[in-house]
Amino acid sequence: MAKKFYWMKLREDFFDDDAMEWLEEQPKGKEYALFYLKLCLKSLKTNGLLIRTVGTLLVPYDTVKLAEITKTDFDTVVVAMELLKNIGLVEILEGGEICIPRMEEMIGSETDKASIMRRIREQKRMLEGNNITEMLPERYLHNGGNNVTGELPDCYQNVTQRLEIRDREREKELIVAPPGNGSSTDPSGASEKNPVGDFEYQCVDMLVRSCVAVFPNSKVPKTEADKRKWAVEIERMKRLDGRAEADIIEALTFATTDGFWKSNIRSTKKFREKFETLIVQSRAKQGRNARQGYGNQFNQFQRQDYDIAELERSLVENVRKEGS
């Protein structure tokens, strides 16, 4: 499977936001803003959620660990976290997860295959221009002349085919058939070792309906064979990943109703890949909605005056007492 790269996208008025302006106005405000950006980067792959996975356990980040992973002074982290929570740039969920609102809007990603092809296209455009021939190495020129050959070095030729072959080899897996269709890897027609059942196909139908509702011409399985490929991913979630059916349904319901995810989960393979993020966000959303007076502080920011020096002294003292 192709490796994926992530980056963070900031609007040009990011630092003009009231909350960010107020944060930078505080003593050590620049350090707090830098710490916040580091938290954002650490949560890129998890859509704005920060929590550690230790074996099968989800372990919240404490202040010491946050200072370590962001290379930030401990006292600065203590005060920064308190301020960020107060102005709504950071939320602490019931399970201890650190949630960064609106992070999903700032995430960009690209596979390594797409990155390579983008660089090749850029190089082709460069080679097609005649005004830069004097800057090119000799191997790009006709017999030392000034005309560009328009051809790439051998190391770049057929890169698309090589990448596609690599991906196909990595993704070859056993496809099991649904029960009762008469097909089997066993010539005698015996049932599959790991058959796909009704539950898996119900999940497929649920996701197909969601995809079509978002975009009527979605590329979704229409034949029995194509549906079986999608159903296999659900079966593997149960058998290989140890996911309970109730949890799968909970995550799938969230994925097909959430404004962001229903536009991004377009196959059972993607659903399986993002399952943990989906289930965590689903339960976090349920917890937030259950709290009375819930509101998005980021959009309701009100300026407050803090005695930062006193706040820092009291917070650091409390944290150290708890740790002793």
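The values are calculated or read from the model by the stated rules, or taken from the named source; none is laboratory data. Treat the numbers as computed from the prediction; the structure is a model and nothing was measured. With ideal geometry, Cβ positions are generated from the backbone for all residues, glycine too; neighbour counts draw on all protein chains shown. Side chains are part of the model used for accessible areas, which takes the heavy atoms of the whole protein and leaves out ligands, DNA and RNA. Shrake-Rupley method; radii C 1.70, N 1.55, O 1.52, S 1.80 Å.
The H on the amide N of GLY48, modeled in the peptide plane, is under 5 Å from the matching H of no residue at least 5 residues off or on a different chain. Pairs from the table (LYS227/LYS270; LYS238/LYS269; LYS38/LYS274; LYS45/LYS222; LYS262/LYS285; LYS238/LYS285) lying more than 20 angstrom apart at Cα are LYS38/LYS274; LYS45/LYS222; LYS238/LYS285.
Rounded to the nearest 0.05, what FRET efficiency do ARG239 and LYS65 have when you use their Cβ-Cβ distance and R0 = 22 Å? For R0 = 22 Å, the calculated efficiency reads 0.05.
Annotation: per residue accessible area for region 203-282 equals 47 Å², rounded to a whole number [probe 1.4 Å, protein chains only]. Rounded to the nearest 20 debye, the dipole size of region 1-91 about its Cα centre is 840 debye, using +1 on the Cβ of Lys and Arg and -1 on the Cβ of Asp and Glu. The 3J(HN,Hα) values that the Karplus relation (6.51, -1.76, 1.60; θ = phi - 60°) gives for region 241-249 are, in residue order, 8, x, 7, 6, 4, 4, 5, 4, 5 Hz. Gly and Pro appear as x.
For region 69-76, backbone phi angles converted through the Karplus equation (6.51, -1.76, 1.60; θ = phi - 60°) give residue-by-residue couplings of 6, 9, 6, 10, 4, 4, 4, 5 Hz, Gly and Pro being listed as x. Among the GluC sites (Glu not before Pro) found in region 1-51, those both in a DSSP coil and sparsely packed, with 13 or fewer other Cβ atoms within 10 Å of their Cβ, are GLU12.
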